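The values are calculated or read from the model by the stated rules, or taken from the named source; none is laboratory data. Keep in mind that this is a model prediction, so the values were computed, not measured. In this analysis, Cβ positions are derived from the backbone assuming ideal geometry, glycine residues included, and neighbour counts consider all displayed protein chains.
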């Protein structure tokens, strides 16, 4: 009997609980807690590929790089390399935490991190309209110099200074898909597509090149779930359930959403905030439209209960 496969996308709250706990040690503690919830699913027989966010961590690397460049004249780290760095570091911390948790439960199962590239289209409209601010604030003169000398897109940010902005193209393919599929098929838990994957473009003759962009990790996880024909696509976020009119007096929690309902709620534009729940709903819509069976949105402590149908919001075709 074919084992059930889940793609689980864990959000930033699984890595950084609040602005006061951002050190490596704080992140490791948060991941140890998240590992307990992931282990609940493994103990119930799920094979699993795990994607994770990396936004704050990339920001930390960029700031260190900027400071080292300004103070010591060291080279700055390209954005795609920052993504690779965080995949390795977060993957290491998560695989160790989950491996330890499984060992203490008597589950003999290995965990591995695969540094993952995600193919994007060089003609994606996002490259003509960058929107994602990264790095620290600059004086206007510095921003204009970098735009002229380095080709950066820059913008003034609400009177706080100038920042670099980069595109957020849609993911098309997971470059290491076959490797992920093969490793997952041996019963190993795979950590992949960290931060949405390292964005790369095809420059011809089978060669890829990294680009300065960011990919929404839920969109990339949806591509992975479709390609793996996952039985379940689970997005772990800050709330136990999805709500209509979130945060308002007439808020309504949802236990179950069909694909047509999800499309309608999204189109109404009043229920799901951009940069928060809306991208998660879009990612799940894409998964279901491509033949996905079932998706769940819940928070990390309720992963096990949600999979058993006790909580969370289920999204079905």
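Across region 266-290, what is the number of residues that are assigned to a loop (DSSP other than H, G, I, E, B), at pLDDT below 95 and in contact with a helix residue (DSSP H, G or I) (Cβ under 8 Å, 6 or more places away or on another chain)? Lay out the reasoning, then the answer.
Start the filter on region 266-290 by keeping residues that are assigned to a loop (DSSP other than H, G, I, E, B), which leaves 269-276, 290.
Still in the list and also at pLDDT below 95: 269-276.
Now drop any that are not in contact with a helix residue (DSSP H, G or I) (Cβ under 8 Å, 6 or more places away or on another chain), which leaves 271-272.
Total satisfying the criteria: 2.
Do you know which of the residues in region 147-199 that are assigned to a strand (DSSP E or B) and modelled with pLDDT of 95 or more is surrounded by the most Cβ atoms within 10 Å (Cβ to Cβ)?
190
Would you say residue 250 is over 27 Å from residue 168 (Cβ atoms) and touching a residue at least 24 places away in the same chain (Cβ under 8 Å)?
Spelling it out, it is not the case that residue 250 is over 27 Å from residue 168 (Cβ atoms) and touching a residue at least 24 places away in the same chain (Cβ under 8 Å).
Filter region 56-83 down to the residues that are surrounded by 19 or more Cβ atoms within 10 Å (Cβ to Cβ) and under 15 Å from the mean Cα position of the chain (by Cα) and list them by number.
Across region 56-83, the qualifying residues are 57, 58, 82, 83.
Scanning for something in contact with a strand residue (DSSP E or B) (Cβ under 9 Å, 6 or more places away or on another chain), within 19 Å of residue 46 (Cβ to Cβ) and either touching a residue at least 24 places away in the same chain (Cβ under 8 Å) or buried (at least 19 other Cβ atoms within 10 Å of the Cβ) (or both), does region 271-286 turn up at least one residue?
Yes, that holds for at least one residue.
Read through the list (1) in contact (Cβ under 8 Å) with a residue 40 or more places away in the chain; (2) over 30 Å from residue 130 (Cα atoms); (3) more than 20 Å from the chain's Cα centre (by Cα), then give the number of the only condition that residue 261 fails.
(1)
Do we find a residue being over 27 Å from residue 286 (Cα atoms), free of Cβ contacts under 8 Å to residues at least 24 places away in the same chain and more than 19 Å from the chain's Cα centre (by Cα) anywhere in region 169-185?
no
Which numbered condition in (1) over 23 Å from residue 171 (Cβ atoms); (2) buried (at least 18 other Cβ atoms within 10 Å of the Cβ); (3) in contact with a helix residue (DSSP H, G or I) (Cβ under 7 Å, 6 or more places away or on another chain); (4) at pLDDT below 95 is the only one that residue 311 fails?
Answer for residue 311: the failing condition is (4).
Determine if region 79-87 includes at least one residue that is within 26 Å of residue 302 (Cβ to Cβ) and without any contact (Cβ under 8 Å) to a residue 60 or more places away in the chain.
There is no residue in region 79-87 that is within 26 Å of residue 302 (Cβ to Cβ) and without any contact (Cβ under 8 Å) to a residue 60 or more places away in the chain.
Being loosely packed, with under 13 Cβ neighbours inside 10 Å and not in a loop (DSSP other than H, G, I, E, B) is the filter here; which residues of region 234-252 pass it?
The answer is 252, and nothing else.
Here are some conditions: (1) closer than 29 Å to residue 133 by Cβ; (2) touching a strand residue (DSSP E or B) at 6+ places or on another chain (Cβ under 9 Å); (3) buried (at least 20 other Cβ atoms within 10 Å of the Cβ). Residue 216 meets all but one. Which one does it not meet?
Among (1) closer than 29 Å to residue 133 by Cβ; (2) touching a strand residue (DSSP E or B) at 6+ places or on another chain (Cβ under 9 Å); (3) buried (at least 20 other Cβ atoms within 10 Å of the Cβ), the lone unmet condition for residue 216 is (2).
Condition check: in contact with a strand residue (DSSP E or B) (Cβ under 8 Å, 6 or more places away or on another chain), loosely packed, with under 15 Cβ neighbours inside 10 Å and at pLDDT below 95. Does residue 203 satisfy that? Walk me through it before giving the result.
Details: in contact with a strand residue (DSSP E or B) (Cβ under 8 Å, 6 or more places away or on another chain): yes; loosely packed, with under 15 Cβ neighbours inside 10 Å: yes; at pLDDT below 95: yes.
Yes, satisfied.
For region 210-226, state whether one or more residues are in a strand (DSSP E or B) and in contact with a helix residue (DSSP H, G or I) (Cβ under 9 Å, 6 or more places away or on another chain).
Of the residues in region 210-226, the ones in a strand (DSSP E or B) are 210.
Checking which are in contact with a helix residue (DSSP H, G or I) (Cβ under 9 Å, 6 or more places away or on another chain) leaves us with 210.
The answer is yes, given that some residue of region 210-226 is in a strand (DSSP E or B) and in contact with a helix residue (DSSP H, G or I) (Cβ under 9 Å, 6 or more places away or on another chain).
Hey, can you tell me all the residues within region 79-108 that are farther than 15 Å from residue 194 by Cα and either assigned to a helix (DSSP H, G or I) or modelled with pLDDT of 95 or more (or both)?
Across region 79-108, the qualifying residues are 96, 97, 98, 99, 100, 101, 102, 103, 104, 105, 106, 107.
Here is a check on your reading of the model: is residue 208 modelled with pLDDT of 95 or more, surrounded by fewer than 21 Cβ atoms within 10 Å (Cβ to Cβ) and touching a strand residue (DSSP E or B) at 6+ places or on another chain (Cβ under 8 Å)?
yes
Looking at region 79-92 only, could you name the residues that are touching a helix residue (DSSP H, G or I) at 6+ places or on another chain (Cβ under 8 Å) and farther than 24 Å from residue 66 by Cβ?
Within region 79-92, 91 is the sole residue that qualifies.
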